[in-house]
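Just below is one structure, and these are the notes that go with it.
The values are calculated or read from the model by the stated rules, or taken from the named source; none is laboratory data. Just so it is clear, the model here is predicted, and its values are computed rather than measured. Methodologically, a virtual Cβ is constructed for each residue, glycine included, from the backbone with ideal geometry; neighbour enumeration extends over all protein chains shown. Heads up: the accessible areas ignore ligands, DNA and RNA and are worked out on the full protein's heavy atoms, side chains in. Shrake-Rupley method; radii C 1.70, N 1.55, O 1.52, S 1.80 Å.
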Amino acid sequence: MSVTHDPYEEAKKQLRQTIDLLGLGDEVYEMLAVPERLIQVRLTIKMDDGSIKTFIGWRSQHNSALGPYKGGVRYHPETNVNEVIALSMWMTWKNALAGLPYGGGKGGIRVDPKKLSPSELERLSRAYFAAISDVVGVDQDIPAPDVYTNPQTMSWYFDEYSRIKRGQYFGVVTGKPVELGGLETRVISTGYGTAIAAREVAKKLFGGVEGRTVAVQGFGNAGYYAAKFLSEMGAIVVAVSDSKGGIFNSKGLKIDDVKKVKNETGSVINYTDIEKKITNEELLELDVDILVPAAIENVITEENADRIKAKAIVEAANGPTTPEAEAILTKKGIVVVPDILANAGGVIMSHIEWVNNRMGGWIREEEAKARLEEKMVNNFHAVWDYWQKKLDTSKYNMRAAAYAIAVDRVYRAMKLRGWI
Ligand code: NAD
């Protein structure tokens, strides 16, 4: 994560633009520009060798007008308070846009988890959740996995919270393992949601996704499932990549075979049924119908935006397109399906998990998948229609419409509650 700019400053800039677009007052901007509550916790744990180490963690609770705060916790050596605040603000918009009864929150611990043993990670995770246990809860704030946290981390959080509060609070975190009330479908949800968003934009632009060419940057959880479901929908996935490089076959790659090779050898570049190897930079500039960045942020910038040939970009990754690049893409008529819409499948499935936990476990996996699809389709069309009907499409891309819908929903909830 090479953060060269302050994500909080960027988040505030996006908010300012949206407030202006909606014609809302400065008082609304001021309320939404700062989190409702921000806590910093000192986490001191005993290491395996008997030494004592201190780490810093945060939980930013940005806005709760629509419901309890919701958002993941990341463990990263470069995480800082401004990043956590920005991410919590983006969660407010993502949840509002998805139509979920959630506000936005995000947490982080400044740590390199690769340098900790599993038992050290468990002690750190339990210490973090104990430290924030008075401000999280099934109806207060519901954390989930993010960068370098996973279902095991959520199990420790759930157990620590249940121990402190003397109960069984399954709904206090989502993204749990199936044994502890998680859903099988959680693992596919982000990529599946992205594939649905790509299918819907293809219907608008080309009449359908069948036979359309796709390139996917990043072959992890989001990228693999996006590629898999898009190829099952009839698209031709001609290129995929990971951090070691990319592969290209104009006739289409067999996604599950590529995945097998990635699992066995550590990279997609060892897959042999290809026409050529390509770099990550070349992948972004391929002449395809749909480009799916699913790796890291800031890969489409003002340097390469002019060379992008895809007709649509569907953002599985968070923040892959810089604002400067987006202005160039908009001028070129390239449609950008923004991250807060295209990668919302994960949080939508988290909501289904949370509801299921509260009802004592009743949902069937197929039902969860069908509900996810229904929500993604409806959300896509709500944003598309707003963009087409209310905005100048030569000046604004779909992102402006997504932000306008989200901020307006939060604004209306604040107004109804009498906050403004
Ligand atoms: P992951 O760790 O499972 O996979 C990341 C993939 O990107 C890997 O294949 C890795 O090799 C590749 N990669 C890393 N650096 C790269 C580079 N410089 N160039 C090309 N490829 C590179 O992560 P993930 O969960 O799939 O997340 C990917 C993106 O999707 C992130 O931006 C994340 O925030 C976003 N996202 C994920 C979820 C989710 O539920 N997994 C939800 C919302 C958003």
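GLU210 meets each of the listed conditions (1) open to solvent by 30 Å² or more (accessible area, probe 1.4 Å); (2) modelled with pLDDT of 95 or more; (3) assigned to a helix (DSSP H, G or I); (4) not small (Gly, Ala, Ser) apart from (3).
The number of residues in the stretch 213-226 being away from the ligand (no atom under 12 Å from the Cβ) and either touching a Phe, Trp or Tyr at 6+ places or on another chain (Cβ under 8 Å) or open to solvent by less than 10 Å² (accessible area, probe 1.4 Å) (or both) comes to 1.
The single condition among (1) open to solvent by less than 30 Å² (accessible area, probe 1.4 Å); (2) among the hydrophobic types (A, V, I, L, M, F, W, C); (3) without any contact (Cβ under 8 Å) to a residue 60 or more places away in the chain that LEU416 does not satisfy is (1).
When the stretch 328-344 is limited to residues that are within 12 Å of the ligand (Cβ to nearest atom) and either part of a helix (DSSP H, G or I) or of a type in the set (Val, Ile, Thr) (or both), the one that is surrounded by the fewest Cβ atoms within 10 Å (Cβ to Cβ) turns out to be ASP339. Can we say GLY191 is part of a loop (DSSP other than H, G, I, E, B) and not assigned by TED's automatic domain parsing to the domain that holds LEU87? Spelling it out, it is not the case that GLY191 is part of a loop (DSSP other than H, G, I, E, B) and not assigned by TED's automatic domain parsing to the domain that holds LEU87. Might you check whether a residue that is within 11 Å of the ligand (Cβ to nearest atom), more than 12 Å from PHE219 (Cβ to Cβ), in a loop (DSSP other than H, G, I, E, B) and at pLDDT below 95 occurs anywhere in the stretch 273-295? Within the stretch 273-295, not a single residue is within 11 Å of the ligand (Cβ to nearest atom), more than 12 Å from PHE219 (Cβ to Cβ), in a loop (DSSP other than H, G, I, E, B) and at pLDDT below 95.
GLU374 meets each of the listed conditions (1) of a type outside the set (Ser, Thr, Tyr); (2) part of a helix (DSSP H, G or I); (3) surrounded by 19 or more Cβ atoms within 10 Å (Cβ to Cβ) apart from (3).
Scoring ARG186 on the criteria (1) at pLDDT 95 or above; (2) farther than 24 Å from LEU286 by Cα leaves a single failure, condition (1). Residues in the stretch 239-254 that are more than 11 Å from the ligand (Cβ to nearest atom) and under 14 Å from THR213 (Cβ atoms): ALA239, PHE248, ASN249, SER250, LYS251, GLY252, LEU253. Apart from one condition, ILE300 fits all of (1) open to solvent by 20 Å² or more (accessible area, probe 1.4 Å); (2) among the hydrophobic types (A, V, I, L, M, F, W, C); (3) modelled with pLDDT of 95 or more; (4) farther than 24 Å from GLY182 by Cα; the exception is (1). Checking the stretch 142-156 against the condition returns no match, with no residue being in the same structural domain as VAL238 (by TED's automatic domain parsing), more than 18 Å from the chain's Cα centre (by Cα) and not polar (S, T, N, Q). Scanning the stretch 360-396 for residues that are without any contact (Cβ under 8 Å) to a residue 60 or more places away in the chain and of a type in the set (Phe, Trp, Tyr) yields TRP362, TYR386, TRP387.
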